[in-house]
Every structure is written in structure tokens, then in C-alpha cells.
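Asks: The structure under discussion is supplied below as C-alpha cells; questions concerning it will follow.
The values are calculated or read from the model by the stated rules, or taken from the named source; none is laboratory data. Keep in mind it's a predicted model, so treat the numbers as computed, not measured. Please note: Cβ atoms are built from the backbone with ideal geometry, for glycine as well, and neighbour counts cover all protein chains shown.
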Amino acid sequence: MSYSHHFVDFQGSSIPSSMKKLVVTQLSPNFKKAVTLIPNAPVPVPGDGDLLIRNRFVGVNASDINFSSGRYDMSVKPPFDAGFEGIGEVVAMGLSASKNYTIGQPVAYVTSGAFSEYIVVPAQHAIPVPSVKPEILTLLISGTTAYISLKEMGKLSEGKKVLVTAAAGGTGQFAVQLAKKAKCYVIGTCSSEEKAGFLKSINCDLPINYKTENVGSVLKKNFPEGVDVVYESIGGEMFDMLVNCLAINGRLIIIGFISGYQSSHGILPVKASALPAVLLRKSASVQGFFLNHYLSQYKDALISLLKLYQSGELVCEIDNGELTPEGRFMGLESVFRAVDYMYMGKNIGKIVVELPHPVNSKL
């Protein structure tokens with residue numbers, strides 16, 4: 001099949017016949033067991049309203065593990081493609097898609113199957129962006145999650161005390177900055193002095209290094225009345241401790257649950273049966289946030305975040321693994337290493353994997 005007979009392609013370019021991609025071949029909480037690198041998958045062909053995008057950068061999220069383990073949707077059956085977000089350029093498209101897009105145009109997207117060298121995305125779901133920069137990729141899921149959840153559930157106002165867990169991470173960095181823009185007092189938990197330094201650089205009022213400080217003790221000493229809003233992505237003992245630290249009318253927003261945090265010394269765990277009493281005596285609330293349920297607000301949120309980034313008002317920190325012993329995260333093979341890196345809590349900012357131009361035979 002010739003590409004040019006069916007759609008507009010990148011004239012003079014070499015669109016390969018095969019590509020690498022990551023596929024979930026079994027459900028497992030162990031990403032390396034769940035996911036297989038397919039070295040020679042066929043490059044997909046765009047339909048009439050589709051774009052073929054060559055991925056340049058893909059983002060790593062906790063959702064990748066939750067999805068490949070079956071935690072999000074137990075009904076999903078392997079095999080299915082892995083990855084959720086990417087940014088690259090259009091290299092081919094269906095004829096009707098060519099009315100609104102051009103070859104070489106930079107685009108981003110949020111859809112399953114992002115861990116691949118090429119991906120077909122319906123033109124209506126693609127997001128035109130100013131350039132193929134990894135910083136823009138940080139806004140697609142991490143930025144919009146922070147923006148919409150805080151807007152809908154945070155009820156932020158000047159002087160409110162906001163605590164962000166994993167504050168130096170991909171999503172936490174935006175929660176800190178957006179809460180500061182709302183003139184709140186922001187506390188951020190992190191795991192190193194380097195991360196605490198980063199948090200200070202984005203104007204976090206009180207970074208707490210949980211490796212050297214007891215979070216519960218620091219909060220009790222500095223905020224005896226409790227904190228107003230908690231942006232929580234850790235779960236486990238951290239969740240238990242922070243429910244106990246809510247102020248009257250406090251709100252805890254759950255955006256994830258990467259457990260393993262072991263710092264709640266002397267704090268009794270909040271079992272499900274005890275939670276009503278804890279919340280009742282404070283008129284407090286706990287609410288989960290899942291981005292898929294707020295897609296009607298996605299476009300406006302992303303536009304607002306892009307404006308803040310382009311005007312220099314928003315730091316979009318990326319972590320490409322440059323400081324790891326093995327070096328930068330390059331190629332789909334390094335996604336496995338990037339996932340391990342995330343679960344070890346090493347990253348400052350959003351973890352991004354770069355995909356170099358694949359060299360293969362022309363179609």
C-alpha cells in the first residue's frame with residue numbers, strides 16, 4: 001500500500017514500515033512483567049479524519065502502572081497498548097484531517113498507546129501546540145489534573161493553608177504553583193534537600209523533607225488548627241495522617257495513591273469504619289479526582305496553563321533522567337527504567353522519555 005494514494009504524507013521523508021511500541025501482555029503491578037517491548041510492530045495507517053504522529057517525547061505517569069495492573073479497569077483484557085500522553089509532529093494524515101492540520105505541525109495528545117514511535121490520533125482529539133517541547137508535555141495530564149482538581153474541589157482563597165504531597169513531582173509542582181497564584185500558604189512534602197530547594201524556587205512556603213523531619217509533628221507544631229486543603233497522591237500512612245491533620249471544613253483531594261510512605265509515627269491509621277467520625281467532627285471531606293470525569297473542562301484548563309507557561313508565569317520542570325547513572329531516558333526501552341525511577345521517588349518534576357528518530361525502511 002502506498003501512503004500517498006490514501007492521504008497526505010511527509011513528502012521526501014522516510015516513514016518506516018515498522019516501529020517499536022510497548023504493549024501490556026499481562027496484568028501485573030510489576031510494570032516489567034506486565035509490559036513487553038514489541039520491536040517490529042507495523043506503523044499504523046491514518047484514516048480519513050486521523051493524524052499519524054511521530055512521537056518525540058512521551059510522559060510517564062503513575063496511571064501507567066495502575067492501568068497495566070488492572071487497578072483502573074478490571075474488565076480490560078491484555079494485550080493492549082501502553083502509555084497515555086505524547087508530543088510530536090504530524091507526518092501523515094487523512095484527507096479530511098488536512099483541512100485543519102499541516103505536515104510537520106507540532107501536536108500533543110492524551111490517548112492510550114502513547115508508548116510507541118508512531119501513533120494514529122483522531123484529528124479532533126489532537127492538540128495543536130506552539131512547539132515540540134517536553135515542557136508542554138508536562139501540562140497534558142499533570143498540569144490539567146492540578147488545575148481542574150484545585151479549581152473544582154480546592155475552593156482556594158487567599159490565606160488558606162494548602163498541603164501538597166509529592167510536591168516536587170510531576171503533578172505536585174503545578175499544585176504548589178497554582179495554590180500560590182491563589183495567594184494561599186503552601187506546604188510541600190518531599191524526600192530530599194535538593195527537592196526542598198526546588199520547592200523554594202517555585203515559592204513553596206514550607207517544604208518538609210520527610211526523610212529528616214516528622215511530617216505529623218511539623219504540622220501539629222506549626223498548624224495546630226489543621227490545614228484547609230490537602231492535595232494527596234501518596235496514600236497509605238500518609239493519607240491516614242493527613243486526614244487527622246485537616247482543619248474544620250478541611251478538604252482532602254485524592255489524585256493518586258503511590259503508597260510506601262513510612263513517616264506517620266504515632267498516628268493511628270484511619271480505617272474505613274473510623275473515617276465518618278473523623279470527617280464528621282471537623283465537617284471535613286475526602287474526594288477523589290479522576291481526570292477522565294472532567295474532560296469537558298480539559299480544553300479551557302490546558303489553554304490557561306499554556307498561557308501561563310508562555311508568559312513565564314509557570315515553571316514546567318522536566319526530569320529526563322540526565323542525572324541517573326545510565327543517563328537520559330532515550331528510546332522506548334528506557335520507559336522501564338523511568339517507571340522504576342518514578343516509584344523510587346527520585347524525580348524532580350515530570351518524567352519525560354525522548355524518542356529519537358527511528359531509522360527503518362521506507363514504506
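Asks: Taking the conditions exactly as written (surrounded by 12 or more Cβ atoms within 10 Å (Cβ to Cβ), at positive phi and out of contact with any Lys or Arg (no Cβ under 7 Å at 6 or more places or on another chain)), does GLY331 satisfy them or not?
Replies: yes
Asks: Something else about it: Could you grab the pairs with beta carbons closer than 9 Å, sequence gap of 6+ or different chains, first residue in region 52-74 and in contact (Cβ under 8 Å) with a residue 60 or more places away in the chain, second one in a loop (DSSP other than H, G, I, E, B) and charged (D, E, K, R)?
Replies: Once the first residue is in contact (Cβ under 8 Å) with a residue 60 or more places away in the chain and sits in region 52-74, its partners that are in a loop (DSSP other than H, G, I, E, B) and charged (D, E, K, R) give ARG54/GLU117; ASN55/GLU117; PHE57/LYS133; ILE65/ARG71.
Asks: Read through the list (1) under 13 Å from GLY143 (Cβ atoms); (2) in contact (Cβ under 8 Å) with a residue 24 or more places away in the chain; (3) among the acidic types (Asp, Glu), then give the number of the only condition that ASP300 fails.
Replies: Here ASP300 meets the rest and fails (2).
Asks: Could we say that GLY143 is under 25 Å from ASN40 (Cα atoms), buried (at least 24 other Cβ atoms within 10 Å of the Cβ), in contact with a Leu (Cβ under 8 Å, 6 or more places away or on another chain) and not β-branched (Val, Ile, Thr) here?
Replies: It is false that GLY143 is under 25 Å from ASN40 (Cα atoms), buried (at least 24 other Cβ atoms within 10 Å of the Cβ), in contact with a Leu (Cβ under 8 Å, 6 or more places away or on another chain) and not β-branched (Val, Ile, Thr).
Asks: How do the helices (runs of 4 or more DSSP H) wholly within region 145-225 filter down when requiring 3 or more residues that are of a type in the set (Lys, Arg) and either in contact with an Asp or Glu (Cβ under 7 Å, 6 or more places away or on another chain) or over 22 Å from GLY59 (Cα atoms) (or both): which remain?
Replies: Helices (runs of 4 or more DSSP H) meeting the threshold: none at all.
Asks: Any idea which residue in region 1-40 is modelled with the highest pLDDT, counting only those that are out of contact with any Leu (no Cβ under 6 Å at 6 or more places or on another chain) and among the charged types (D, E, K, R)?
Replies: LYS21
Asks: Hey, does region 41-49 have a residue that's among the acidic types (Asp, Glu), modelled with pLDDT of 95 or more, in a strand (DSSP E or B) and in contact with a Gly (Cβ under 6 Å, 6 or more places away or on another chain)?
Replies: no
Asks: Right, something else. Restricting attention to region 77-110, which residues are among the charged types (D, E, K, R) and in contact (Cβ under 8 Å) with a residue 60 or more places away in the chain?
Replies: Of everything in region 77-110, just one residue is among the charged types (D, E, K, R) and in contact (Cβ under 8 Å) with a residue 60 or more places away in the chain, namely ASP81.
Asks: If we scan region 237-248, do we find a residue that is among the charged types (D, E, K, R), under 30 Å from THR212 (Cα atoms) and at pLDDT 95 or above?
Replies: no
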